[in-house]
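Novice: Following this message is one structure expressed as structure tokens.
The values are calculated or read from the model by the stated rules, or taken from the named source; none is laboratory data. Computed from a predicted structure; not experimentally measured. No Cβ is skipped: glycine too gets one built from the backbone with ideal geometry, and neighbour counts run over all protein chains shown. Areas reflect the complete protein model, heavy atoms only, side chains present, ligands, DNA and RNA absent. Shrake-Rupley method; radii C 1.70, N 1.55, O 1.52, S 1.80 Å.
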Amino acid sequence: MDDKEGRFTHWYTGWVLGRPILTIAILSLVIGLLIYQSRNFRIDASTETLLLENDLDLRYAREVYARYGIQDFLLIAFTPKSGDLLDSANLATVTKLRDSLSQLESVESVLTILDVPLLESPPISFKELLKKEIPYLESSRVDKKLAKKELSGSPFYGDLLVSRDAITTAIIVNLKIDPTYSELTSARNALLNKKLDGALSPSEYEEYARLVDEIRTQQISLNKQQHENIEAVRAIMAAHRDSGQLYLGGVSMIADDMITYIKNDLRIFGLGVFLMLVLMLGLFFRSKRWVILPMLCCFLSVIAMLGVLGTFGWDVTVISSNFISLQLIITLAISVHLIVRFREYQLLLPEVDHRTLLSKTIQSKFIPCLFAVLTTIAGFTSLMLSNIKPVIHFGWMMSIGILISLALTFVLFPAAAMLLKKPAPPSQGRLINFSLTAFLGRLTETYGTVILIVTALFTVVTIMGVSKLRVENSFIDYFKQSTEIYQGMKIIDQKLGGTTPLDVIIQFETFEEEKGEDEEFEEFPIEEDFFINSIDGASDDDPGKYWFMDHRLEIIEKVHDYLETRPEIGKVLSLGTLLKIGRQLNNGKSLDSIDMALLYSKLPEEYEELLLSPYVSFEKNEARFTVRIIDSLEGLQRNLLLEEIKHDLVQQLELEESKVTLSGAMVLYNNMLQSLFASQIMTLGVVALALLIMFLFLFRSLKIALIALFPNLLSAGAVLGVMGWLDIPLDMMTITIAAISIGIAVDNTIHYIHRFREEIERDGDYYDSLHRAHNSVGYAMYYTSMIIIVGFSILILSNFWPTIYFGLFTGLAMLIALIASLTLLPQLLVWIKPFNSKNHA
């Protein structure tokens, strides 16, 4: 031991072991401050948290949202219990729902089958449409049989307001836009665009940081309001469930329910995991102190981390929601290693006093625990390579959380233990004859070559499984089929036009560009030009006066028809929808440019906002197609779908590639997933290099570093391979499995090699060292793994599949890491013999 290490040990034991009450008092003060800061801790599942900040598609999507005035909405699916959908009793239920929902403070408007114009019930002519003589469902002249047929089969209403089987209807609840939040985000987005262009000045950067803080504060308030609003909507629905089935959908509902599920899982299963860990600790160590001390370290480390998150303003998102469980695992592992080492010293040095035992335990385990923590942090560096802030924050959360666990455990554990009496030594026979670790030791000695062969085959199977991995994100698949949210989302998905929104934007050339490129280009005939100019409301400065040219209308209808042929796509709305309705009203004759110009000038404002404004921008000279994807479609490949749509529009419909843009939530989520896949899977090589450097620094041997690296990569690869073989997709909730698996495996590797090196120094015998390591540190590895595997198995009872997957794959990663560390790792050490004749690495 050098002088610096000796001085540190003297200072450490003097304070922590010499003044345990003062140490705990100071620690309590720090924890108290962090508990106060934890009041700012929150979970955020808003769409903003799942987007790439530097994504050019995000910039474009925000422009589209602003241009077309897109607002958030909730969708209620109502299926009457009895009678026809348009029966007076069922229409009365729809009326009551509409009126009650309209009274909510956060609701801008409510759209139902009662509020839309009917054009074929009975059929009205094109002239009647222009005269604005349009009936509604409650109008006396409406034939309800025809209305039912129109509502279910209309190009606009079918699959939007009424299912094709005319059994289910939708109630669309448009939510108010918060003006303060809208102004803040607009100002932030403008500065963000300048930041991405590298043109942000220092003062603007300060303004940008201020806006981000204000938006976060406002978002907290809005999330609370949103939850209260959704609860109010559900309360209104509950009052009418006697009339039929009512299900709620919408992006806001999904985000709010995900937060609710995560919070419930943290509360219910967090307590369940806590109790299971207590039970397992009691079964293994049969001592109250070895239950209370590690669980106290776990509890306080999590509380401290919540305070850190509140201090830095880092929100826990759906991506980082498992950080508490991970911190429990790491803190518990450190504590169990300390307990096992302390009990070993009790048997080896029964005459030594309590303080000396604790001092030797801390000195023995601090270095391996420190490097286990540092290499685990290195394993999480792949998270920081992402372009998504919540993922980057998750990497920082885990890094800081692990350091907190290390520091708190090495302060609280020995200080608290000093206040207790020296415990009775454990049963020596029970330790030495423990079955599994001894069995694996004998297995490794006897069948070492077989272990290497099996590992080689396992590696091949793992690589094959990893090659089968796919990246998908389906919100509906996050919930069990027995849950109400799943059933509601499926009905909306399959009967009311799909779930995930996608925008297809087609850019047209300007009138001048088309005229300049085409020598045979003909303007409107004089009489048509005169006719358009004479239309009431068509002023000379009206940008829509000449916009509806025949070739544009033809392109729009072709694109619309193509999108409707895709089986992955549910409802499609565009100007093409109006063209199809117009053809029906015009005795099967397509509307030409003159008809559309006339319709444009005569169309009532409320119908224009419904049928025209959301789908055409005269200023930008573009047409917008709003598409909803059938999220529950079996075998849906979202990235491939986006690529095929873009390809077909360019190759089959012969549109210029630069004129076709895909936008919306579908594109943004897909970009996020592809980025995560690149940062988590494709950068495993970077993580492997970081681990190799850490192992080199710790063990000062390239051979040992390579030996230590392989089981870690195998453990991470094995979990990913199992996911590939089981066809479980990587999504925003499971994408961090690789980093988690490496973090778990690293701990076992370092502790085993560190102890093996200590044992080999005694006599230089590799097999004797193997068995002594198995019968010492092997216990800690086994206890930690089994406690966590059994403790986290309770998560499979959740209704939230990401929580279930986390419990299963955490257990699988622990099991593979344990087996690899007690078979493959010692066999590699025995086979390669990396320690020299002087018994040093």
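Novice: How long, wide and thick is the chain, going by the Cα atoms along their three principal axes, in whole angstroms, largest first?
Specialist: Taking the Cα atoms of the chain, the three principal extents are 110, 60, 56 Å.
Novice: Same structure again: Between the helical axis of 251-264 and the dominant principal axis of the chain, each derived from Cα atoms, what acute angle in degrees is found, rounded to the nearest 10?
Specialist: 20 degrees
Novice: Right, here's the next one. Rounded, prolate or oblate: which one fits region 205-294, using the alpha carbon gyration tensor with axes a ≥ b ≥ c (rounded when a/c is under 1.5, else prolate when a/b beats b/c, else oblate)?
Specialist: Since a/c reaches 1.5 but b/c is at least a/b, the shape of region 205-294 is classed as oblate.
Novice: Moving on to the next point. Under a 1.4 angstrom probe, counting protein chains only, how are 167, 259, 402 ranked by accessible area, largest first?
Specialist: Values: 167 75, 259 25, 402 5 Å².
Accessible-area ranking of 167, 259, 402, largest first: 167, 259, 402.
Novice: Among 189, 100, 218, flag the residue with its Cα farthest along the positive direction of the charge dipole of region 93-232, charges on Cβ as +1 for Lys/Arg and -1 for Asp/Glu.
Specialist: Of the candidates, 100 comes out farthest on the positive side.
Novice: Then there's this: Provide Rg and Dmax in Å for region 688-804, with only Cα atoms included in the calculation.
Specialist: Using the Cα atoms of region 688-804, the pair Rg, Dmax is 17.0, 54 Å.
Novice: If you don't mind, there's one more thing I want to ask. At R0 = 25 Å, how high is the FRET efficiency between residue 67 and residue 204 if r is their beta carbon distance? Nearest 0.05 is fine. Don't skip to the answer; put the middle values down first.
Specialist: On the way: r = 24 Å, r/R0 = 0.98.
Computed FRET efficiency for residue 67 and residue 204: 0.55.
Novice: If you put +1 on each Lys and Arg Cβ and -1 on each Asp and Glu Cβ, how big is the dipole of region 693-841 around its Cα centre, in Debye rounded to 20? Don't skip to the end; give the middle numbers.
Specialist: On the way: 8 positive and 9 negative charges, 74 e Å.
Value, rounded to 20: 360 debye.
Novice: Still on this structure, I have one more. Just going by the charge dipole of the chain, with Lys and Arg at +1 and Asp and Glu at -1 on Cβ, which of 34, 483, 243 is farthest out on the positive end?
Specialist: Farthest towards the positive end: 34.
Novice: In region 255-399, if every C-alpha pair distance is counted and binned at 10 Å from zero, what percent goes to each bin?
Specialist: 10, 32, 33, 17, 6, 1, 0
Novice: Just the accessible area for residue 464, please: 1.4 Å probe, Å², rounded to the nearest 10?
Specialist: For residue 464, solvent-accessible area is about 90 Å².
Novice: By how many nm would the segment from residue 689 to residue 420 lengthen if fully extended, with 0.36 nm per residue of separation less the alpha-carbon distance?
Specialist: Values: separation 269, 0.36 × 269 = 96.84 nm, distance 4.39 nm.
Here the segment from residue 689 to residue 420 would lengthen by 92.4 nm.
Novice: Could you compute the FRET efficiency for residue 114 and residue 177, with r as their C-beta to C-beta distance and R0 at 30 Å, rounded to 0.05? Don't skip to the end; give the middle numbers.
Specialist: Values: r = 24 Å, r/R0 = 0.81.
The pair residue 114/residue 177 has a calculated efficiency of 0.80.
Novice: Enumerate the lysines that residue 224 could reach by cross-link, defined here as Cα to Cα under 25 Å, with residues fewer than 8 away along the same chain left out.
Specialist: 176, 263, 389
Novice: Sticking with this one: If Lys and Arg each add +1 and Asp and Glu each add -1, what is the summed charge of the other residues whose beta carbon sits under 13 Å from the beta carbon of residue 486? Show your work: numbers first, answer last.
Specialist: On the way: positive: 480, 490; negative: 257, 477, 484, 493, 631.
Local net charge: -3.
Novice: So if I place +1 on the C-beta of Lys and Arg and -1 on the C-beta of Asp and Glu, and nothing else carries charge, what would the dipole magnitude of the chain be about its Cα centre? I want it in debye, nearest 20. Can you show the working numbers first?
Specialist: On the way: 73 positive and 96 negative charges, 1389 e Å.
Rounded to the nearest 20 debye, it is 6660 debye.
Novice: Two decimals is fine: what's Rg over Rh for region 542-660, C-alpha atoms, Kirkwood radius as Rh? Mind dumping the intermediate values first?
Specialist: Numbers: Rg = 15.3 Å, Rh = 15.4 Å.
With Rg and the Kirkwood Rh in hand, the quotient comes to 0.99.
Novice: Something else about it: Extension gain residue 105-residue 240, at 0.36 nm per residue separation less the Cα-Cα distance, in nm? Present the calculation step by step, with values, prior to reporting the outcome.
Specialist: Working: separation 135, 0.36 × 135 = 48.60 nm, distance 2.02 nm.
Here the answer is 46.6 nm.
Novice: Just the accessible area per residue of region 579-679, please: how many Å² with a 1.4 Å probe?
Specialist: Heavy-atom SASA per residue in region 579-679 reads 42 Å².
Novice: Follow-up question, since we're still on this one. Between residue 296 and residue 352, what is 0.36 nm times their sequence separation minus the Cα-Cα distance? Round to one decimal in nm. Before the final figure, lay out each step's value.
Specialist: Working: separation 56, 0.36 × 56 = 20.16 nm, distance 2.64 nm.
Between residue 296 and residue 352, full extension yields an extra 17.5 nm.
Novice: Right, here's the next one. Starting from the Cα gyration tensor of region 774-841, take the square roots of the eigenvalues, sort them a ≥ b ≥ c, and report rounded, prolate or oblate (rounded when a/c is under 1.5, otherwise prolate if a/b is larger than b/c, else oblate). Mind dumping the intermediate values first?
Specialist: On the way: a/c = 4.74, a/b = 2.88, b/c = 1.65.
Prolate, since a/c reaches 1.5 and a/b exceeds b/c.
Novice: Heavy-atom accessible area of residue 455 with all protein chains present, probe 1.4 Å, nearest 10 Å²?
Specialist: Estimated to the nearest 10 Å², residue 455 gives 20 Å².
Novice: Follow-up. Using the Cα centre as the reference, give the magnitude of the dipole from point charges on the C-beta atoms of region 225-281 (Lys, Arg: +1; Asp, Glu: -1; all else neutral), rounded to the nearest 20 debye. Numbers along the way, then the final one.
Specialist: Details: 4 positive and 6 negative charges, 26 e Å.
Dipole magnitude for region 225-281 comes out near 120 debye.
Novice: Looking at the chain, which longest stretch skips every one of the GluC sites (Glu not before Pro) that is in a DSSP loop with at most 14 other Cβ atoms within 10 Å, leaving the sites themselves out? Write out the running numbers ahead of the final one.
Specialist: Details: sites that count: 53, 105, 133, 138, 351, 519, 520, 522, 523, 619, 634, 654, 656.
Formally, the longest exposed-site-free interval is 139-350.
Novice: For region 92-234, what is the per residue volume of the convex hull drawn over the alpha-carbon atoms, in cubic angstrom? Mind dumping the intermediate values first?
Specialist: Values: hull volume 25.1 nm³, N = 143.
For region 92-234, the hull spanned by Cα atoms encloses 176 Å³ per residue.
Novice: So if we plug the beta-carbon distance of residue 454 and residue 186 into 1/(1 + (r/R0)^6) with R0 = 51 Å, what FRET efficiency do we get, rounded to 0.05? Kindly include the intermediate steps, with their values, before the conclusion.
Specialist: Details: r = 60 Å, r/R0 = 1.18.
The computed FRET efficiency comes out at 0.25.
Novice: Could you order 816, 832 by accessible surface area, starting with the largest, using a probe radius of 1.4 Å? If you can, show how the numbers build up before the last one.
Specialist: On the way: 816 25, 832 65 Å².
Accessible-area ranking of 816, 832, largest first: 832, 816.
Novice: Follow-up. What order do 700, 98, 442 take when sorted by accessible area (1.4 Å probe), most exposed first?
Specialist: On the way: 700 170, 98 40, 442 130 Å².
Putting 700, 98, 442 in descending order of accessible area: 700, 442, 98.
Novice: Structure shown: which of 365/421; 195/620; 365/833; 149/620 lie over 30 Å apart, alpha-carbon to alpha-carbon?
Specialist: On the way: 365/421 22 Å; 195/620 25 Å; 365/833 24 Å; 149/620 37 Å.
Table pairs above 30 Å Cα-Cα are 149/620.
Novice: Where Lys and Arg each count +1 and Asp and Glu each count -1, what net charge lies around residue 364 among other residues with Cβ under 10 Å from its Cβ? Don't skip to the answer; put the middle values down first.
Specialist: Numbers: positive: 341, 360, 365, 755; negative: 344, 758.
Net local charge, residue 364 excluded: +2.
Novice: Something else now. Evaluate the Debye formula for region 138-185 with equal point scatterers sitting on the alpha carbons, no solvent, and hand back log10 of I(q)/I(0) at q = 0.14, 0.23, 0.28, 0.29 Å⁻¹, in q order, two decimals.
Specialist: These q points yield log10 I(q)/I(0) values of -0.50, -0.81, -1.01, -1.04.
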